[in-house]
Amino acid sequence: MKTVFPVRLASVVMLGTVSSLTTAQDAGPRHEEERIDEIVITAPFAASQAETILPVTVISGEEFREKVTNSIGDTLRNEIGVNNASFGTGVGQPIIRGQTGNRVTVLQNSLALTDASSVSPDHGNGVEPLLADRLEIVRGPSTLLYGSGAIGGVVNVIDNRIPEQLQGDTGFQLEQNYNSVNKENKTVFRLDGSVGNFGFHVDAFTRDNDNVEIDGFAIDEAAVERLEELTMAFIEAGHGDDDHDDHDDHDEHDEEEFPNTNGFIGNSNGEAEGGTAGFSFVGDQGFFGFSVSTLENDYGLPPGTHSHAHGHGEEHEDEDHEDHDEDHDEDHDEDHDDDHEEEHGHGGEEVEFVRLNLDQDRYDFKGEYRFQNSWIQSIRASVAYTDYQHSEIEFFEDGDAEVGTLYSNEGVESRFLLTRAPTGDWSGVYGLQIGNSDFSAIGEEAFIAPADINNLSIFGVERFTTERFTGELGLRWESAKVDAGSRCAYDDDVLSLSASGLYDVNETSNIMLAIARSERAPSVEELFSNVDQSTCGTYVDEESLVVHAATGLVEIGNAGLENEKSSNIEFGYRMNSGSVTGEFSAYYNSISDYIFLDITGEEAEETPIAAYRQQDATFSGLEGEVSFTLTEQSDYTAVLSLFGDLVNADLDAGGNVPRIPAAKFGSELRFFGDNWSTHVHVTRVNDQDDVATLELGTDGYTLLSVYADYHFDVGGESDLKLFARGDNLLNEQVRNHASFLKNFAPEFGRGFTLGIRYEY
């Protein structure tokens, strides 16, 4: 019999109560020490965390409600092997073992998102973590199950929008909280129930916030100046003795373009709202259902991170210009110069600030049929249609605004799974995945050509299980096509395979060994950014080059890129010995033909040019966490947890991969009783001096947070919870090394959250 080995540090103190956004109705103490054998949905087989060979982190229940924020990356920032690639307060992309963007796939109920988050670091995900039940993170290559975009890992956002099981009693949850650091108000509502064989789910949320408070100035002017000096020296070295007298005006230019703020981050306010309605029919042998959801998200980008000069009067005469919503105009009147007397042609005028407005509609269909007395155990199908777009709205000093660029992505993502009945010690899962999307970018920042993106995959995993050993063998073939029209097209096959094993050393520990060979197809931006569509072999003429304002670079694609090939080996150890639990991992990932942006030493209109190139790279690292039950009394339990991770990423020809997170370590001391809990959490992030070309190092910092909650029984089956949290209590100015805008906008300053949650 298999022993349960909790791999999540917090599973040691897994909270037995239902979260505000879960459907389970648990009885008993709300903060009991319970080692829950959670089933991992993201894995190929229905297995517990301990029995899953993949390195998986699961966050659910009360733990999830304590940690959830407005972005996935920020929610997961303290998990081992995971960091946050922030771009201001509105965007937080997850980084898994040093990789992010188009190498980390964000799923919603095991289906990939059809958004534009991988195209640019300032684009938010088209999924709202506030409405989730749980998050599952697969640390390491997951291409076998989820495609080439998961070569670095997977984050699966799981909710109950299509009920798979009937709920006996109707459940109602309502939560309201306030955060002092940005005066954020947040409301979350949920209703789950059933009538006969029909289940239903309804949820909604709304939030709004002002500018984020920080300690000191937002822009690190010394770092910005130093980086500009390094960039100019690098460019001049590449150009020989070319004339760069015009660079003498950069200091004045920067002063106008990047106005600094003290005590807060300018243009960091935002608002969002969304909701879902889902229905299903549930029978003895399966279910079928559908859901409809909508998401709107408006957020600003800190000054200096997206601003650039352009001649709007000449370039956009034929485009439709529109003012932003009146409420935003009112919010930002103080930032506008009412005395500006120039005409609204904006010829050569600097953009004062930029806001992104995301609008998404999604339609999901899901069903499963379980066979009886058949070699087929079950067939499961999931299909999602998404209509996504976001506008990048540019505001000028005279108060006028216009849509600079409109990104859109419309597509269908589908996934079909067949699970065969076990035969002896063997069982298997086989799947088909089909994806199609029409991507386009229209406007000033349209540096990527519109493209039709198609993927077709078949995969299979076989599992061999004995009393003490579990092994898995898997294979995936994928056809990846990117058609940008004219002569530009990419069409190639992607092949991934893996072998892994889990061995029970004894009743209290196991070891894991996994070997994977994964491939990733180049993305549309890597292939066709600023590429001449008539030749598809060279970039467009200099006058037609478009700046990617989020990175401050002119990015040149390469239509001749080869597939990335990752060879990953990982060793893991898990243990559960009475009052001590923990897990440790070591991995080595050699990537052939690694695709990255390389500064060329050239420039266009005073903007550095970077080209997508390929070079072998190596990622390696360590992860670990351990928990000790210090005391177990009749009225409370105390648990101490320790954790840490580090990753190194080197280019084999010399140098470092850009924006690799610094090593972090920390501890958490938790006390909890039947109706209450409290914990103190400390995370130390080290200095990061292993930097890439034209990248500055960042100082380390220490984050201290405190949390407490108390449950009240208010009669019948009703429950009221009061909670409070203090974040960054030392008021550190945090410059996240993984962020593109670390020199322009630090992370949150000291803040306090107060909240109330009602459940029935």
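In debye, nearest 20, what is the charge dipole magnitude of the chain about its Cα centre with +1 on Lys and Arg Cβ and -1 on Asp and Glu Cβ, if you could check?
7460 debye
Charges only on Cβ, +1 for Lys and Arg, -1 for Asp and Glu: so what's the dipole of segment 419-474 about the Cα centre, in debye to the nearest 20?
Details: 3 positive and 8 negative charges, 82 e Å.
Dipole size: approximately 400 debye.
Extending each Cα 7 Å along its Cβ direction at T294 and F584, get the distance between those two points in nm, one decimal.
5.3 nm
In percent, how large is the relative contact order of the chain, given Cα pairs closer than 8 Å and 6 or more residues apart? Provide the component values of the computation, followed by the final result.
Values: 2165 pairs, mean separation 92.2, N = 760.
Result for the chain is 12 percent.
Compute the acute angle (0 to 90°) between the alpha-carbon long axis of helix 221-239 and the principal axis of greatest extent of the alpha-carbon atoms of the chain; round to the nearest 10°.
For 221-239 against the chain, the angle is about 70 degrees.
How would I511, I599, I376, I591 line up from fewest to most surrounding beta-carbon atoms within 10 angstrom?
Arranged by neighbour count, lowest to highest, I511, I599, I376, I591 become I376, I511, I599, I591.
Within 10 Å of each residue's Cβ, count the other Cβ atoms and sort E583, E445 from fewest upward. Please list the in-between numbers first.
Values: E583 26, E445 23.
Ordered from fewest to most neighbouring Cβ atoms within 10 Å, E583, E445 come out as E445, E583.
What is the ratio of the Cα radius of gyration of segment 603-750 to 2.2 N^0.38 Å, with N the residue count, to two decimals? Display every interim value, and only then the final one.
Numbers: Rg = 21.6 Å, N = 148, 2.2 N^0.38 = 14.7 Å.
Computed over Cα atoms of segment 603-750, the ratio equals 1.47.
Indicate, rounded to the nearest 5 percent, the antiparallel portion of the DSSP beta bridges found entirely in segment 66-161. It would help to have the intermediate numbers written out before the result.
On the way: 14 of 19 bridges.
That works out to approximately 75 percent antiparallel.
Treating only the Cα positions of segment 502-646 as identical point scatterers, give the base-10 log of I(q)/I(0) from the Debye formula at each q in 0.21 Å⁻¹.
-1.20
Could you give the C-alpha radius of gyration of segment 439-522 expressed as a fraction of 2.2 N^0.38 Å, taking N as the number of residues it contains?
1.72
Sorted from fewest to most neighbouring beta carbons within 10 Å, what does the list D169, D364, D133 look like?
D169, D133, D364
So if I restrict to the alpha-carbon atoms in the chain, what is the Rg, and what is Dmax, the biggest pairwise distance, in Å?
So, for the chain, Rg and Dmax equal 25.7, 82 Å respectively.
Two decimals is fine: what's Rg over Rh for segment 111-228, C-alpha atoms, Kirkwood radius as Rh?
1.09
Every read-out reported here was derived from the displayed coordinates using simple, explicitly stated rules and does not represent laboratory data. From a predicted model like this one, the values you see are computed outputs, not experimental measurements. Reconstructed Cβ throughout: ideal geometry from the backbone, glycine too, with neighbour counts over all protein chains shown.
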